[in-house]
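Okay, so here's the structure we're looking at.
We did not get these values from a lab; they are worked out from the coordinates using the rules stated. It should be emphasised that the depicted structure is a prediction, and the values quoted were computed from it without experimental measurement. With ideal geometry, Cβ positions are generated from the backbone for all residues, glycine too; neighbour counts draw on all protein chains shown.
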Amino acid sequence: MLRTLKIYMLPILMLVLITGSTVSGQTRIRFAKGKTSARITGSIAANGQKSFVARANRGQKVRVNWTSGNGRVYECETDSGGTGWDNIMDHTGDFTIDMCNTGRATTFVLIVSIR
């Protein structure tokens, strides 16, 4: 019975560990007191990814814009090749921004505005 329990618990434990590592890889975007936008600068490895998380309230407008030194950084989920997006939040809570680089290592600037 104990052996059977261990066999069933292993996949659950692995799922928790994988999920935890994804969450811990995100960088929380913090806004200075009284400010509605934040500017994040950094570097991203060749063919790499960086994840960010921010919080907004339902009904707020979120605007995300980015630039990069190699012109090959984009938001992973949209894969639009663009340099930004706007959205009205339909719920209060966290949202993620996953930046993907399809070129050589480069620098980037990410600007997030919430109004």
Fully extended, how many nm does the chain gain between SER37 and ARG63 (0.36 nm per residue separation, minus their Cα-Cα distance)? 8.5 nm
Are there chymotrypsin sites (Phe, Trp or Tyr not before Pro) in region 20-115 that DSSP marks as loop and that have at most 15 other Cβ atoms within 10 Å, and which are they? PHE31
More than 17 angstrom apart: percent of Cα pairs within region 26-114: 45
